[in-house]
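Visitor: Quick one: structure below, then a few questions.
The values are calculated or read from the model by the stated rules, or taken from the named source; none is laboratory data. As the structure is a prediction and not an experimental result, all values here were calculated from the model. Cβ: placed from backbone, ideal geometry, glycine included. Neighbour counts: every protein chain shown.
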Amino acid sequence: MLNLKYIGTMKEDKDIPTWWRSEPVNVPMFENIALPFVLTIEKDVDELLKNKIETAINNFLNLNPNYRTELSDLVYENYKDMLSSSDITPLDIKVASDIWQYVHPEEVYISQRNRRDDDVYIQLTCECDWEEEHGLQLIFRQGKKLTRVSQQDGHLTESDAYGKEDSQDWLLSNF
């Protein structure tokens, strides 16, 4: 077992023994919907790394619905990109913030980028009505600022996903 501030005791994941899973925790950014947190860092968590993880969790749990509203344009852009490249049925969206009624948070992953910045990232995975196969992920560097909106593809940054320099990754470089 692993005990982390803000989310409590984490137990070994039954399917992936190097991952740790918490009981559901209220996420203020989504009106306190309770979501499990999953630690996917597959190396020993020393005190320094544990502090970085707990800081990222705290930062993420301090994000509120107003911050989510600020992200509406970026999530709406993800929807519009999918709409223009596929034959999905358009959703009833009048303003960008309407996009949230089509986003359904599922889990929160805690990961560490193993190259370049070596930072802790919080990945909020969601189902969404416009991308049923790959869903949506919102990734927050150090848990405090959105640095990626995309389908769930296993990458923490656009630069990692597409082999770019971090300076060419618009959201990451604005961190």
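Visitor: When segment 34-43 is examined, which residues are found to be part of a strand (DSSP E or B) and β-branched (Val, Ile, Thr)? If you could, list the steps in order and put the result at the bottom.
Guide: Of the residues in segment 34-43, the ones part of a strand (DSSP E or B) are 34-35, 37-39.
Matches in segment 34-43: Val38 only.
Visitor: Within segment 118-149, can you find the residues that are on the phi > 0 side of the Ramachandran plot and surrounded by fewer than 22 Cβ atoms within 10 Å (Cβ to Cβ)? Full working, then the answer.
Guide: Of segment 118-149, the ones on the phi > 0 side of the Ramachandran plot are 118, 135, 142-143.
Correct list: Asp118, Gly135, Gln142.
Visitor: Another question, then. Would you confirm whether or not segment 84-107 contains a residue that is among the charged types (D, E, K, R), modelled with pLDDT of 95 or more and in a helix (DSSP H, G or I)? Steps first, please.
Guide: Filtering segment 84-107 for residues among the charged types (D, E, K, R) gives 87, 92, 94, 98, 106-107.
Adding the requirement that they be modelled with pLDDT of 95 or more leaves 92, 94, 98, 106-107.
Now restrict to residues that are in a helix (DSSP H, G or I): 98.
Yes, some residue in segment 84-107 is among the charged types (D, E, K, R), modelled with pLDDT of 95 or more and in a helix (DSSP H, G or I).
Visitor: For segment 159-171, state whether one or more residues are charged (D, E, K, R), outside any loop (DSSP other than H, G, I, E, B) and touching a helix residue (DSSP H, G or I) at 6+ places or on another chain (Cβ under 7 Å). I'd like the intermediate steps shown before the answer.
Guide: Initial filter on segment 159-171 (charged (D, E, K, R)): 160, 164-166, 169.
Now narrow it down to the ones that are outside any loop (DSSP other than H, G, I, E, B): 160, 166.
Still in the running and touching a helix residue (DSSP H, G or I) at 6+ places or on another chain (Cβ under 7 Å): 166.
Yes; the residues of segment 159-171 include at least one that is charged (D, E, K, R), outside any loop (DSSP other than H, G, I, E, B) and touching a helix residue (DSSP H, G or I) at 6+ places or on another chain (Cβ under 7 Å).
Visitor: Let me ask something additional. Does any residue of segment 26-33 turn out to be farther than 23 Å from Gly154 by Cα, part of a helix (DSSP H, G or I) and either aromatic (Phe, Trp, Tyr) or without any contact (Cβ under 8 Å) to a residue 40 or more places away in the chain (or both)? Don't jump to the end; show me each part of the working.
Guide: The initial filter retains those residues of segment 26-33 that are farther than 23 Å from Gly154 by Cα, namely 26, 28, 31-33.
Narrowing further to those that are part of a helix (DSSP H, G or I): 28.
Keeping just the survivors that are either aromatic (Phe, Trp, Tyr) or without any contact (Cβ under 8 Å) to a residue 40 or more places away in the chain (or both) gives 28.
Taking every residue of segment 26-33 in turn, at least one turns out to be farther than 23 Å from Gly154 by Cα, part of a helix (DSSP H, G or I) and either aromatic (Phe, Trp, Tyr) or without any contact (Cβ under 8 Å) to a residue 40 or more places away in the chain (or both).
Visitor: Considering each of Asp92, Asp87, Asp119 in turn, give the residue that is touching a residue at least 12 places away in the same chain (Cβ under 8 Å) and either touching a Cys at 6+ places or on another chain (Cβ under 8 Å) or of a type outside the set (A, V, I, L, M, F, W, C) (or both).
Guide: Of Asp92, Asp87, Asp119, the one residue that is touching a residue at least 12 places away in the same chain (Cβ under 8 Å) and either touching a Cys at 6+ places or on another chain (Cβ under 8 Å) or of a type outside the set (A, V, I, L, M, F, W, C) (or both) is Asp119.
Visitor: Follow-up question, since we're still on this one. Could you count how many residues in segment 7-50 are of a type outside the set (D, E, K, R), exposed (fewer than 13 other Cβ atoms within 10 Å of the Cβ) and within 20 Å of Tyr121 (Cβ to Cβ)?
Guide: The total comes to 3.
Visitor: Now, a different point. Among the residues of segment 98-130, what is the count of those that are under 16 Å from the mean Cα position of the chain (by Cα) and among the charged types (D, E, K, R)? Even if it seems obvious, please write down each step before you answer.
Guide: Start the filter on segment 98-130 by keeping residues that are under 16 Å from the mean Cα position of the chain (by Cα), which leaves 100, 103-113, 119-128.
Now narrow it down to the ones that are among the charged types (D, E, K, R): 106-107, 113, 119, 127.
The qualifying residues number 5.
Visitor: Give the residues of segment 92-117 that are among the hydrophobic types (A, V, I, L, M, F, W, C), farther than 19 Å from Leu39 by Cβ and surrounded by 15 or more Cβ atoms within 10 Å (Cβ to Cβ), sorted by residue number.
Guide: Restricting attention to segment 92-117, the residues satisfying the condition of being among the hydrophobic types (A, V, I, L, M, F, W, C) are 93, 95-96, 99-100, 103, 108, 110.
Remaining after also requiring farther than 19 Å from Leu39 by Cβ: 93, 95-96, 99-100, 103.
Scanning segment 92-117 gives Ile93, Ala96, Ile99, Trp100, Val103.
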